[in-house]
Amino acid sequence: MFLALKIRVSILTADAPALKSALDNRSDIQSANDSFMSFLSQPGYWWTAAEKIAIAEESRLANRCALCQKKKAALSRGQILGQHPPSPHLGDEVIGIVHQIITDQGRITRTQLDALEADGLSRLAYVELVGVVVCIFSIDEFHRALDLPLPSLPHPRPGNPSRDQPATLEQTSGFVPMIPRSGLMPADQDLWPKGFGANVIRALSGTPDLVRQWKRIAGAFYLQVEEMGNLVQADSRLLNRMQMELIAGRVSAINQCFY
Amino acid sequence: MLRASAQATDTHIDLDALLGNESAANLGIPHGQALLAFTEAFMSGDQHLLASARHSLLEASSPELVVEAAGVAANFQRMVRIADATGIPVDDMSAPGGIAIREALGLAAFASAQHSLQTSH
């Protein structure tokens, strides 16, 4: 029994060099990860670099958070009271929403975000927070899938948030303001191709660099936006589109994603 | 998108695969069963199960394909969280294909369905 287990572990461990070699040939993935870490090290729109990195650190802690596990299991999250271990850079409400985006995102409500806004977390600061959380989570999940160590988070660079925001924002649906589909200003023309602008692309457009970061990661992990219209097989991929969408659809179903 | 991609190649598939049915995943989709098992193991959070499923997929395909599969899975861990955290509705609730899929898979029961169902009424 013990010998069989040992042999099995040896076989699985033996997979690592082949996977590492395959990953070494994917410079686009390495480049997207490095780009995000560099982005993370710099002050953002509404958060300092130290705060952005603290948001990423909390994202990594979320799945091990006992309080969040209790909230996730509860019929109503409000039934479970408690505070998260403190962070030197983030308040408890911010830590709470970071953890919820990872552990229980389907139960985030407008009312909840209105309360956070009343406590000082503006909608655009929230958009930036969401962008940081989802990008680092995606990178970490990729590493977990291949049993690779998580990349180190960067050291923060000094400086204040820019507080820049797009000239054209609207909030006609969803919880956050977005650039209208046909409202891209010249500096943001790269955010989505003309006539595309699906809600999931526009969702983070209140902080345009977060759209750029997630598009870069998506282009490496999945497909470039421009390739998404090819429903057969992208030239750059071994997986055909059905294989990709089987994985995508099952991940989305388990996450109870209606979108 | 699974249905659309199958239609694009005139391939007969079984959408029960999206409900976790491994034999359904094998219909028309190369390595479908191994890919679904990998996805299930990834989502389970059980690293031993994941290691075993990853090994099976690797044996059935190639390291390069496993890296791609990991990328797609990780990508959609992000997409769902963008959608739900920002409360965005489905772009076109009236598209016939979307209506059929949502009914077939019972997606209206998901908590995040309210983001789209409220705006489409």
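The values are calculated or read from the model by the stated rules, or taken from the named source; none is laboratory data. Since this is a predicted model, take the numbers as computed values, not measurements. Because the Cβ atoms are built from the backbone with ideal geometry, glycine has one as well, and the counts that use them run over all protein chains shown. Note: areas computed on protein heavy atoms with side chains; ligands, DNA, RNA excluded. Shrake-Rupley method; radii C 1.70, N 1.55, O 1.52, S 1.80 Å.
Simple point charges give the picture: +1 on the Cβ of Lys and Arg, -1 on the Cβ of Asp and Glu, and for region B:2-89 a dipole about the Cα centre of about 280 debye. Label positions at A:LYS72 and A:SER152, each projected 7 Å from the Cα along the C-beta direction, are separated by 2.9 nm.
The share of C-alpha pairs in region B:2-89 whose separation exceeds 21 Å stands at 37 percent. Helix B:47-60 and the longest principal axis of the C-alpha atoms of chain B enclose an angle of approximately 70°.
When the charge dipole of chain A is built from unit charges on Cβ atoms (+1 for Lys and Arg, -1 for Asp and Glu) and taken about the Cα centre, the candidate among A:SER27, A:GLY174, A:LEU146 whose Cα reaches farthest toward its positive end is A:LEU146. Once backbone amide H atoms are built at 1.01 Å from N, A:MET178 has A:GLU170, A:GLN171, A:THR172 as its partners under 5 Å, excluding neighbours fewer than 5 places away on the same chain. For region B:54-71, a drop of 20 Å² or more in accessible area on going from the chain alone to the assembled protein chains (1.4 Å probe) is found at B:ARG54, B:HIS55, B:LEU58, B:PRO63, B:GLU64, B:LEU65, B:VAL67, B:GLU68, B:ALA70, B:GLY71. Once the Cβ-Cβ distance of B:LEU105 and A:ASP164 is raised to the sixth power relative to R0 = 45 Å, the FRET efficiency obtained is 0.65. Quick note on region B:36-80: its Rg to Rh ratio, both from C-alpha atoms and Rh being the Kirkwood radius, is 0.96. The mean accessible area for residues of the protein assembly as shown, using a 1.4 Å probe and ignoring ligands and nucleic acids, is 44 Å² per residue.
Treating r as the C-beta distance of A:LEU231 and B:LEU49 and R0 as 41 Å, the FRET efficiency rounds to 0.85. If I fit a long axis through the Cα atoms of helix B:63-86 and take the longest principal axis of the Cα atoms of chain B, what angle between them do I get, 0 to 90°, rounded to 10? Around 20 degrees separate the two axes. Projected label points at A:SER38 and A:ARG60, each 7 Å from Cα along the beta carbon direction, are separated by 2.1 nanometres. For A:GLN79, neighbours were defined as the other residues whose beta-carbon sits under 15 Å from its Cβ, and their charges (Lys and Arg +1, Asp and Glu -1) total +4. Helices in chain A that qualify as membrane-span-like (whole DSSP H runs, Cα extent of at least 27 Å along the helix axis, mean Kyte-Doolittle hydropathy of 0.0 or higher) are A:2-24, A:123-145.
Springs between alpha-carbon pairs under 10 angstrom, Gaussian network model over chain A: which of A:ASP24, A:ASP104, A:ASP188 fluctuates most? Evaluated over chain A, the most mobile residue of the options is A:ASP24.
Pair-distance distribution of the protein assembly as shown: all C-alpha pairs, bin width 10 Å, starting at 0; shares per bin in whole percent are 5, 23, 34, 26, 10, 1, 0. Could you state the angle between the C-alpha long axis of helix B:96-105 and the longest principal axis of the C-alpha atoms of chain B, as a value from 0 to 90 degrees rounded to the nearest 10? So the inclination is approximately 60 degrees.
Compared with the direct C-alpha span, the chain from A:GLU117 to A:ALA14 gains 32.1 nm at full extension, assuming 0.36 nm per residue.
Structural descriptor for chain A: relative contact order 22 percent, calculated from alpha carbon pairs under 8 angstrom and at least 6 residues apart. Only protein atoms count toward the accessible area here, which uses a 1.4 Å probe; on the protein assembly as shown, the carbon and sulfur part of that area reaches 55 percent. Total buried accessible area between A and B, probe 1.4 Å, nearest 100: 6600 Å². Summarising the overall dimensions of region A:94-181 from its C-alpha atoms, the Rg and Dmax are 15.4, 43 angstrom.
Ordering A:LEU204, A:LEU124, A:PHE221 by Cα displacement along the dipole of region A:2-254 toward the positive end leaves A:PHE221 in first place; charges were set at the Cβ atoms of Lys, Arg (+1) and Asp, Glu (-1).
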